[in-house]
Amino acid sequence: MQLALDVVSAIGILVIVVLGLAVVLGVLDVINLAHTGFMAVGVYTAVTATEHGWSFWAAVVAAMVGSGMAGLVVEALVVRRLYARPLETILATWGISLVIIQALTLGYGHNNQALVAPLTGAANVLGTPYPAYRLVVIAIAAALVAALALLVRYTRVGLTVRMVQSNENLARAVGIRVSLIRATTFVVGCAMAGLGGALLGPTQAINPNYAVSLVATAFLAVILAGRRLSGVVAACVILGSVQILFGRWANPVYSSTVVIGIAVVLMRIRPEGLTWRRA
Amino acid sequence: MSGQIWRIASRPSTYASVAAALLVAGLAGCGDKTPAASGTEPTYTVGVVLQLSGTGSVYAEAAQAGIKAGVTDVNNRHVAGATFVTDVADAGADANSVTTACSRLIQKDGVKAVVAFVPGPQLIACNAVAKSANIPVLSLSSGAGNICAANLVSLGLVPNQQTLPIVDYLVGQGKTKWYFFGADYSTPKNTFAIAEPHLKSTGGTVVGESFEPIGTADYSQDITKIVNAHPDVAFLNVIGNDDVTLQKQWAADPRTTGIERVDILLGEGTAKALGAAANGIWSSSAYFSSVTGATNDQFKTAVKAAGLNSSADINAYISYMQIETLAAAVKKGGMTNNAAVIQALGATSMDGPVGTFAIHKAFSFQPVYLAKAGADGGFTIAKKSDPAEPQLSCPPAS
């Protein structure tokens, strides 16, 4: 049971990191190398909010708003000019991540910041004690996936986004404001990064290089996933499980290498993503 | 393909992106220099190489404050017969970046000595540049007593000095079953190699040992492994920001209750940031801010004046002593004779903030304090051990 909880926890953390990335890549074709930067904006916003007496959950909302606003500025000033130029967006978002790291260093210094979890202690899962906050993170990850799936599948907004994703010109021809959809999607992706940053803050070292060690597997997952939400979940399940199980039963030193190896093999077998279906 | 690349390269937006990225990278990669002295004393430029980015950047503020306080002190007291100025370079996070930083300091900027605040693998890379120019290097890292060179002195404790006293102390309290967990690089492995036989010789047993790569973000399955081995003590030897992540996750896990934590790499500033998550961590160090005495009070005031917002810790102390030690050696050896400065460094014996500080066999020789962290991240001293001679394993060529 303990092992199962560790696996589910790893998958939950990965999902929380990946979702924002996947939204931006899936709809906009932008590989957002500034994702960890927006996570850092989120967690520093949450730290600042809690220092000013806000509750943790209010600080999480503030983190989403802060990262979303930062995303809005970045989209308007930089990313908007680079859509459909994947190589340039990679370079530009990498530069933006450096700017964010340096800005946070100037503002807060190199030292670690504190963000205390709202729940301490254990909860029992079928007789197995497990950190209560980790269980909350798992539940939030599941809720985010469900909400996103419902949004995309059953709402007019989801339909519009899917239309822009599949054929921009056609969407424009039927009166959809593609530029507004793009900007909104980027802002939502950044806000989700901020949400992830704040949620994971109590379990991670909080410094200007925040979440860098989380994001390598996240990028693999998002590339492996293809364009569907189910692919994102499948990729997170595969990579998160391999990471934990290999570390448990073999040598954790090599688990990252094994994760990369499996991702490469899967990409070779299914180059369009895990949930791609042949036409 | 080449046509596509050319089209991309010819766009103004590409130039703008590249220029912005290079500008930022340049700003991040460059260090800074203190202004040259304007008095009558000659200037002695000290290169400072430390991690301003990457996992070790957590130590940067304390190190910089210690160095600044040290420079202010030696210049005010005219210790060296020269005015010390510093030239700071970012070591980055790997051997290549530190080689670039040290090459710049030594070959381009012409520093007279290097103060290195980097882990063992980076120290080896930097010292390869310094050794060929016969530049004295004063290092925080001792490796594990196995990084040795004629131009190098290490101010950090070696494993037998830092680890064995805490092993003896906790085994003496009946904590005999130990689990060793570390980052996957040389220093933790060498530390365990020294600690394990000593633990067994004192009646203890090793119930498990495992490693994780540097940069690990989720330690849940490692904690499960440790808990399942049922140790009395978990000896956690992970560095920098990874250490913060591990300690947060350990403290939040209810299964770890009752297992003593030892973490000899945890600085006090970091422990303060951990807050309640640091509660109960045992550490051993040459310096804790809670050591009582007027000289320590003066030191704490000095590093605070130098810009340290958090508690004075071992990193501020070592970096301060690097400058003080170098200044005394320059006074003895003369500022133009590197060989004499290196020789003088090896014979260092001086009063520091927490008592006598000496160099034996090119490594530090000083008392070790054992302390336990409270819920506020502050450490309470439990015992002071006498200085122990460093046990070294230097390669023959060094």
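What follows draws every value from the coordinates through simple rules; no lab data is involved. Bear in mind the structure is a predicted one, so any value in this text is a computation, not a measurement. Neighbour counts run over all protein chains shown; Cβ positions are idealised from the backbone, glycine included.
Ranked by how many other Cβ atoms sit within 10 Å of their own Cβ, fewest first, the residues B:H230, A:H110, A:H52 fall in the order A:H52, B:H230, A:H110. Under the simplified labelling scheme, the A:I260-B:A128 pair shows an inter-label distance of 2.1 nm, with each label point 7 Å from Cα along Cα→Cβ.
Oblate is the label for chain B. Its Cα gyration tensor axes, ordered a ≥ b ≥ c, give a/c of at least 1.5 and b/c at or above a/b. Of the three principal axes defined by the Cα atoms of region A:180-225, the extents in descending order read 36, 24, 16 Å. Rounded to the nearest 20 debye, the dipole magnitude of chain B is 520 debye, with +1 charges on Lys and Arg beta carbons, -1 on Asp and Glu beta carbons, and the Cα centre as origin.
Once you have a ≥ b ≥ c as the square roots of the Cα gyration tensor eigenvalues for region A:2-211, tell me rounded if a/c is under 1.5, and otherwise prolate or oblate according to whether a/b is larger than b/c. Oblate shape, in that a/c is at least 1.5 and b/c is the bigger or equal ratio. From helices alone, chain A scores -24500 deg cm²/dmol at 222 nm; the rule is -39500 (n - 2.57) for each run of n ≥ 4 DSSP H residues, then divide by the residue total.
Taking K and R as +1 and D and E as -1, what net charge do the other residues with C-beta under 15 Å from the C-beta of B:S97 add up to? Here the count lands on -1.
Per residue, the average separation of C-alpha pairs within less than 8 Å and at least 6 apart gives chain B a relative contact order of 19 percent. Each residue of region B:374-382 is assigned a 3J(HN,Hα), and the resulting list reads x, 5, 9, x, x, 9, 9, 6, 9 Hz, derived from the Karplus form 6.51 cos²θ - 1.76 cosθ + 1.60 (θ = phi - 60°), x at Gly and Pro. As an equivalent ellipsoid, the protein assembly as shown spans semi-axes of 45, 31, 21 angstrom, where each value is the square root of five times an eigenvalue of the C-alpha gyration tensor, largest first. Taking Cα centre as origin and charging only the Cβ of basic (Lys, Arg, +1) and acidic (Asp, Glu, -1) residues, the dipole magnitude of chain A rounds to 900 debye.
The ranking of B:Y169, A:Y44 from fewest to most other beta carbons within 10 Å of each one's beta carbon is B:Y169, A:Y44. Is there a pair in B:K68/B:K112; B:K131/B:K383; B:K189/B:K332; B:K68/B:K131 whose C-alpha atoms are over 28 Å apart, and which pairs would that be? Pairs exceeding 28 Å: B:K131/B:K383; B:K189/B:K332. Using the rule -39500 (n - 2.57) for each DSSP H run of four or more residues, divided by the residues of chain B, the 222 nm mean residue ellipticity is -13000 deg cm²/dmol.
Taken over the C-alpha atoms, region B:270-398 has Rg and Dmax values of 16.6, 50 angstrom. Across region B:210-218, rounded Karplus estimates of 3J(HN,Hα) from the backbone phi angles (6.51 cos²θ - 1.76 cosθ + 1.60, θ = phi - 60°) give 8, 9, 10, x, 4, x, 6, 10, 10 Hz, Gly and Pro being marked x.
Can you give me the relative contact order of chain A as a percent, contacts being Cα pairs under 8 Å and 6 or more apart? Relative contact order for chain A comes out at 33 percent. Ranked by how many other Cβ atoms sit within 10 Å of their own Cβ, fewest first, the residues A:C236, A:C190 fall in the order A:C236, A:C190. Of the residues B:S364, B:G70, B:N228, the one whose Cα sits farthest toward the positive end of the charge dipole of chain B, with +1 on the Cβ of Lys and Arg and -1 on the Cβ of Asp and Glu, is B:G70. In summary, the lysines within cross-link reach of B:K175, defined as a Cα separation below 16 angstrom excluding same-chain residues under 8 places away, comprise B:K200, B:K372. Taking 7 Å steps out from each Cα toward its Cβ at A:L150 and B:D94 produces label points 4.5 nm apart. For region A:23-146, taking the reciprocal of the average inverse distance between every pair of different Cα atoms yields a Kirkwood hydrodynamic radius of 16.5 Å.
Under the convention that each Lys and Arg Cβ holds +1 and each Asp and Glu Cβ holds -1, the size of the dipole of the protein assembly as shown around its Cα centre is about 1980 debye.
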